[in-house]
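Structure, as structure tokens:
The values are calculated or read from the model by the stated rules, or taken from the named source; none is laboratory data. Because the structure is predicted, anything quoted here is derived from the model rather than measured. FYI the Cβ positions are ideal-geometry reconstructions off the backbone, even for glycines, and counts take in every protein chain you see. Each accessible area value is taken on the protein alone, full model and side chains, heavy atoms only, with ligands, DNA and RNA left out. Shrake-Rupley method; radii C 1.70, N 1.55, O 1.52, S 1.80 Å.
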Amino acid sequence: MSVTARPQDERWVSGRLAVGTAHTRLICVPQAGAGAGAFSGWRRHVPPGIELAPVELPGRGTRQDEPMPDGFDELAERLLAGLTPELTMPYALFGHSFGGALVYELSRRIAARGLPAPVATLVSAFRAPHTPPSAAMSEASDEGLLDWLLRNGGLPEELLAYPEFLHQIMRPMRTDLRLAESYLLAEPDPLSVPLHVFGGADDEVTRADGLPEWRHCAGAGFSLTLLPGGHHFPHTDPAAMVAALTDALARTA
């Protein structure tokens, strides 16, 4: 008889790294189509006192054989159950792009359940949840989606030489984009913890001029930081991104 793993029994963190004696756990949720390995470039820049806890979503990386939940709510619930054991020390939630939607929603659900609150919620390159998506790229043709990803730094051009691998990674990418596009709140829901938002100055996917809308989702402190680069600025310059996060957390303390 087969037994289906419960979310709290699944391995949701992969590649954990603590520098020195950690006082804050930084739980990081990746962008659409990516796994915990998206944060590998951050490892050499993590300052003392921080534990990096990259999240591995189903359907990628070490969990590539697991099916992705069908809806955003189901994924958020499973992620919350899986990460609850991680909330045993001071922690912050960081999410990039699709991951930004997930950590904001996680913060809402953590507050609703009376679980230990994060010291801060850190959102990167995602629209404010009460503003609709500018485009439905999940419905684009394979050719259109691939072109969009290449133009915005979502895929390196070198992968064009490996069509079978491209086909494999496009499936979770399209699923994640569909879930991200479906996330829309009727009105802002201010968080009871500090909210720090980050954007790329040249981001054509999540434009910088829309990010101030996040202020309406902040009920306990807000900051907006723009960094050089396009949509994937946290990974094109990991040193700058980690420094900006560290500064935001220091201001929160």
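Taking square-rooted eigenvalues a ≥ b ≥ c of the alpha carbon gyration tensor, is the range 109-253 rounded, prolate or oblate, where a/c under 1.5 means rounded and, failing that, a/b exceeding b/c means prolate?
Prolate is the answer for the range 109-253, as a/c is 1.5 or above and a/b outweighs b/c.
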Exercise. At 1.4 Å probe size, with every protein chain present, just tell me what the per residue accessible area of the range 60-191 comes to in Å².
Key: 47 Å²
Quiz item: Using helices alone, what [θ] at 222 nm do you get for the chain, with -39,500 (n - 2.57) per DSSP H run of 4 or more residues, divided over all residues and rounded to the nearest 500?
Solution: -9500 deg cm²/dmol
Quiz prompt | Separation of the D70 and L159 label points, Cα + 7 Å toward Cβ, nm | solution = 2.7 nm
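Work out the length of the dipole vector of the range 49-154 about its Cα centre, built from +1 on the beta-carbon of each Lys and Arg and -1 on the beta-carbon of each Asp and Glu, and round it to the nearest 20 debye. Each step should come with its number before you reach the end.
Values: 8 positive and 14 negative charges, 100 e Å.
Around 480 debye, computed over the range 49-154.
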Quiz item: Hey, in the GNM for the chain with a 10 angstrom Cα cutoff, which one of T121, T84, T24 fluctuates hardest?
Solution: T84
Exercise. Using only Cα atoms, locate the centre of the range 20-50 and the centre of the range 154-220, then give the distance between them in Å, rounded to an integer.
Key: 18 Å
Practice problem: Please give, to one decimal in nm, the separation of the simple spin-label points placed at E213 and A135, each 7 Å out from Cα toward the Cβ. | Solution: 1.7 nm
Quiz item: Counting Lys and Arg as +1 and Asp and Glu as -1, each charge on the Cβ, what is the dipole of the chain about the Cα centre in debye, to the nearest 20?
Solution: 880 debye
Quiz item: Pulled fully out, how much extra length does the chain show between A112 and R171, if you take 0.36 nm times their separation in residues and subtract their Cα-Cα distance?
Solution: 18.0 nm
Self-check item: the range 123-233 - charge dipole about Cα centre, Lys and Arg +1 at Cβ, Asp and Glu -1, debye rounded to 20
Solution: 340 debye
Quiz item: Residues of the range 118-161 with amide nitrogen under 18 Å from the 7 Å Cα-to-Cβ point of D202?
Solution: 125, 148-157
Self-check item: Chain lengthening between S14 and A81 when straightened (0.36 nm per residue, less Cα-Cα)
Solution: 22.5 nm
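Sorted by accessible area (1.4 Å probe), largest first, how do D203, D70, D147 line up?
D70, D147, D203
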Exercise. Work out the charge dipole of the chain with +1 on the Cβ of Lys and Arg and -1 on the Cβ of Asp and Glu about the Cα centre, then indicate which of A201, W42, S134 is farthest towards its positive end.
Key: W42
Quiz prompt | the chain: most fluctuating residue of P67, P54, P188 per GNM, C-alpha cutoff 10 Å | solution = P67
